[in-house]
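Here the structure is laid out as structure tokens; the discussion comes afterwards.
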Amino acid sequence: MPFATTTVQPLTASSKVTVKFAGLMLLRPGANNSCEIGIHRFNNDHSFQVLLIVKKPQRAPTSLRLTGSLTRKFKIEVTPDPGTGVRAYTPTPGPFVRDDTVSNELDFRWAIDLSTAHANIDFNDGAEPIATLNAGVLYTPTLTPTALVPQLVQRNVRTPLQRFSADLAAAINLPLGTRLELTWEELGEPRTYTLPRPLDPPATTYTVSLMNDPPVFSPVLHDELPHYYRVLHSAGQPIDPGARCRMIFGPGPTTDEIPCMPIVLNP
């Protein structure tokens, strides 16, 4: 089942917690309206880490590194569970139009969704450990510039993308009496971190940033989709190389916002 949807715009600026996803990772719907995030680990040019960015009123943001060597699931859970699950921000009924003069720039559907190109697609253990999220509204926080002229190519058929999600995020506005618990295991040691922190001012906001990026930015635009096909399969079988998608870009300027973008499997 695909992600449940909502037409209510996520509170991007005032959400108590924002969870951001950047780099090589895959988002798919999970049980009980959750979101599962596969962390791509079949590439030695990308490294995973989780950062916490704390923004206190009238103060510059501060950053804390929470984890690097993740060895078990990273759970992001609103507790007590509000029962809303994870929803995708889709303000207009489909089909989605890839034109920001028509479509909302925060629409979740700007993401690259490979389930539209392949039947029965899923990721294998090359995208584990898996992070999980039990509540929030998924949306596009950053769109690529139109000057990149991206196109998705499959079997020599070119589909202009106009723009796509350079990263993804979930807005979480904690209901009264709830908290966000981050739990994981690093090198065999259990860890827990709770938000909001008890000594922070009430108006403090938090960003939990999951990143799986290369340590050094490459100024040359290149296609990251081949990396994804290392961890993808269709009905348990590798996807035929002749049917795989690839991305091409125009001859214009480059940017440090892509192409290490997360992708979506939202059948």
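The values are calculated or read from the model by the stated rules, or taken from the named source; none is laboratory data. As the structure is a computational prediction, the values presented were derived from the model and not from experiment. So basically every Cβ, Gly included, is an ideal-geometry build from the backbone, and we count neighbours across all protein chains shown.
Below is a table of values for the structure above.
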| read-out | value |
| --- | --- |
| Restricting segment 164-185 to residues that are assigned to a loop (DSSP other than H, G, I, E, B) and of a type in the set (A, V, I, L, M), the residue that is surrounded by the most Cβ atoms within 10 Å (Cβ to Cβ) | LEU174 |
| Hits in segment 8-22 - residues which are part of a loop (DSSP other than H, G, I, E, B), farther than 24 Å from THR144 by Cβ and among the β-branched types (Val, Ile, Thr) | VAL8 |
| Residue match in segment 207-219 (condition: closer than 29 Å to THR12 by Cα, modelled with pLDDT under 70 and in contact with a helix residue (DSSP H, G or I) (Cβ under 7 Å, 6 or more places away or on another chain)) | no |
| Filter result (more than 26 Å from ARG87 (Cα to Cα) and out of contact with any Cys (no Cβ under 7 Å at 6 or more places or on another chain)) within segment 146-164 | THR146, ALA147, LEU148, VAL149, PRO150, GLN151, ARG155, ASN156, VAL157, ARG158, THR159, PRO160 |
| Residue check, LEU143 free of Cβ contacts under 8 Å to residues at least 60 places away in the same chain, touching an Asp or Glu at 6+ places or on another chain (Cβ under 6 Å) and closer than 24 Å to ALA88 by Cα | yes |
| Matching option when the condition is of a type in the set (Phe, Trp, Tyr) and in contact with a Lys or Arg (Cβ under 6 Å, 6 or more places away or on another chain), among PHE21, PHE42, PHE108, PHE48 | PHE42 |
| Unique match (being modelled with pLDDT under 95, under 23 Å from ILE112 (Cβ atoms), in contact with a Phe, Trp or Tyr (Cβ under 8 Å, 6 or more places away or on another chain) and surrounded by fewer than 18 Cβ atoms within 10 Å (Cβ to Cβ)) among THR12, THR5 | THR12 |
| Which listed residue, of ALA135, ALA147, ALA243, is closer than 21 Å to LYS20 by Cα and of a type in the set (A, V, I, L, M) | ALA135 |
| Some residue of segment 233-242 being modelled with pLDDT under 90 and of a type in the set (Asp, Glu) | no |
| Residues that are farther than 19 Å from THR67 by Cβ and surrounded by 15 or more Cβ atoms within 10 Å (Cβ to Cβ), drawn from segment 28-41 | ARG28, PRO29, GLY30, ASN33, SER34 |
| Output for segment 52-90, where each listed residue is surrounded by fewer than 16 Cβ atoms within 10 Å (Cβ to Cβ) and aliphatic (A, V, I, L, M) | ILE53, ALA60, LEU64 |
| Members of segment 115-148 that are among the polar types (S, T, N, Q) and assigned to a strand (DSSP E or B) | THR132, THR140, THR142 |
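One line per residue, one yes/no per condition, for (1) buried (at least 16 other Cβ atoms within 10 Å of the Cβ); (2) in contact with a helix residue (DSSP H, G or I) (Cβ under 6 Å, 6 or more places away or on another chain); (3) at negative phi:
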{"position": "GLY126", "(1), (2), (3)": "yes, no, yes"}
{"position": "ASN134", "(1), (2), (3)": "yes, no, yes"}
{"position": "TYR139", "(1), (2), (3)": "yes, yes, yes"}
{"position": "THR142", "(1), (2), (3)": "yes, no, yes"}
{"position": "LEU152", "(1), (2), (3)": "yes, no, yes"}
{"position": "ARG155", "(1), (2), (3)": "no, no, no"}
{"position": "GLN162", "(1), (2), (3)": "yes, no, no"}
